1. Output the residues belonging to the stretch 37-63 that are part of a helix (DSSP H, G or I) and either over 28 Å from residue 8 (Cβ atoms) or in contact (Cβ under 8 Å) with a residue 24 or more places away in the chain (or both).
2. Can you find a residue in the stretch 26-36 that is aliphatic (A, V, I, L, M), within 26 Å of residue 186 (Cα to Cα), touching a residue at least 60 places away in the same chain (Cβ under 8 Å) and open to solvent by 30 Å² or more (accessible area, probe 1.4 Å)?
3. Tell me, which residue of the stretch 64-111 that is hydroxyl-bearing (Ser, Thr, Tyr) and part of a loop (DSSP other than H, G, I, E, B) is surrounded by the most Cβ atoms within 10 Å (Cβ to Cβ)?
4. Provide a single number: the residues in the stretch 97-150 that are among the hydroxyl-bearing types (Ser, Thr, Tyr) and touching a helix residue (DSSP H, G or I) at 6+ places or on another chain (Cβ under 9 Å).
5. Residue 185: surrounded by fewer than 20 Cβ atoms within 10 Å (Cβ to Cβ), part of a helix (DSSP H, G or I) and either in contact (Cβ under 8 Å) with a residue 60 or more places away in the chain or among the hydrophobic types (A, V, I, L, M, F, W, C) (or both), yes or no?
6. Considering only residues of the stretch 135-155 that are more than 15 Å from residue 111 (Cβ to Cβ) and touching a Gly at 6+ places or on another chain (Cβ under 8 Å), which is least open to solvent (accessible area, probe 1.4 Å)?
7. For the structure I just gave you, tell me whether residue 158 is surrounded by 14 or more Cβ atoms within 10 Å (Cβ to Cβ), part of a helix (DSSP H, G or I), at pLDDT 95 or above and not charged (D, E, K, R).
8. Within the stretch 43-53, identify whether any single residue is touching a strand residue (DSSP E or B) at 6+ places or on another chain (Cβ under 8 Å) and not hydrophobic (A, V, I, L, M, F, W, C), and answer yes or no.
Amino acid sequence: MAPQRGVPCLVLLVSGKRKSGKDFVAEALRSRLGEDVCAVLRLSGPLKEQYAQEHGLDFQRLLDASAYKEAYRRDMIRWGEEKRQADPGFFCRKVVEGVSQPIWLVSDTRRLSDIQWFREAYGAMTQTVRVVASEQSRQQRGWEFTPGVDDAESECGLDNFGAFDWVLENHGDERRLEEQLENLVAFVQSRRPCRVPGAADVWSPTPAEGPADA
């Protein structure tokens, strides 16, 4: 079950391969919508925090793109899978605790179970956003195939998901990406105001779907 406090009016579930630019897209959206309106949530945050606590590691160093994090990546994936198998919503519940902004942007949606949890909790408020980039573009950003990482569920869990509500192409054409971001921001801003009991006026989604190739 979803927490009762901090009910969102819109949840954007962002996914994409390593070095596809999903974190860049998430921050770009937040900067356009405003930090008082849009919260970026990272499922890897509570995962890394819990992993660090149980293994006596430096949580802050696991958050950045460092060799320290890479040294533990495979084991974190294994450990995270064990946690999810026991409780598929474990990290989802933790990441939404205490969030007050009306728009939630989950920047590292990786598995079907993640999408299922948010859809079951928040229904039509959820929109799936897929960031795609060519292998060449990803390689230019520093990606190289790593066995046990790039062929694991954390990278491949949504390969056969089907129709995402939004697909953002990030192959290196800045103008094209900007156009797509503008379309998505316009969709978010088009939501009508709503009243959440005990909270300020925020946005609420209408029963409209974003274009699959926006």
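1. Pass one, the stretch 37-63, residues part of a helix (DSSP H, G or I): 44-55, 59-63.
Result: 44, 45, 46, 47, 48, 50, 51, 54, 55, 61.
2. Taking the stretch 26-36 and keeping what is aliphatic (A, V, I, L, M), we get 26, 28-29, 33.
Still in the list and also within 26 Å of residue 186 (Cα to Cα): 26, 28-29, 33.
Subset that is touching a residue at least 60 places away in the same chain (Cβ under 8 Å): 26, 28-29, 33.
Remaining after also requiring open to solvent by 30 Å² or more (accessible area, probe 1.4 Å): none.
No: the stretch 26-36 contains no residue that is aliphatic (A, V, I, L, M), within 26 Å of residue 186 (Cα to Cα), touching a residue at least 60 places away in the same chain (Cβ under 8 Å) and open to solvent by 30 Å² or more (accessible area, probe 1.4 Å).
3. 109
4. We begin by selecting, within the stretch 97-150, every residue among the hydroxyl-bearing types (Ser, Thr, Tyr); these are 100, 107, 109, 113, 122, 126, 128, 134, 137, 146.
After this cut, where a residue has to be touching a helix residue (DSSP H, G or I) at 6+ places or on another chain (Cβ under 9 Å) as well, the list is 107, 109, 113, 126, 128, 146.
Within the stretch 97-150, residues that are among the hydroxyl-bearing types (Ser, Thr, Tyr) and touching a helix residue (DSSP H, G or I) at 6+ places or on another chain (Cβ under 9 Å) number 6.
5. Details: surrounded by fewer than 20 Cβ atoms within 10 Å (Cβ to Cβ): yes; part of a helix (DSSP H, G or I): yes; either in contact (Cβ under 8 Å) with a residue 60 or more places away in the chain or among the hydrophobic types (A, V, I, L, M, F, W, C) (or both): yes.
So residue 185 passes the test.
6. 137
7. Numbers: surrounded by 14 or more Cβ atoms within 10 Å (Cβ to Cβ): yes; part of a helix (DSSP H, G or I): no; at pLDDT 95 or above: yes; not charged (D, E, K, R): yes.
Here the answer is no, as residue 158 does not meet what is asked.
8. The first filter runs over the stretch 43-53 and keeps only residues touching a strand residue (DSSP E or B) at 6+ places or on another chain (Cβ under 8 Å), leaving 43.
If we keep only those that are not hydrophobic (A, V, I, L, M, F, W, C) as well, we get none.
Scanning the stretch 43-53 turns up no residue that is touching a strand residue (DSSP E or B) at 6+ places or on another chain (Cβ under 8 Å) and not hydrophobic (A, V, I, L, M, F, W, C).
The values are calculated or read from the model by the stated rules, or taken from the named source; none is laboratory data. Note that the coordinates shown come from a computational prediction; the quantities given were computed from them, not determined experimentally. Glycine also receives a Cβ, built like all others from the backbone with ideal geometry; neighbour counts cover every protein chain displayed. Surface areas here come from the heavy atoms of the whole protein model, side chains and all, with no ligands, DNA or RNA. Shrake-Rupley method; radii C 1.70, N 1.55, O 1.52, S 1.80 Å.
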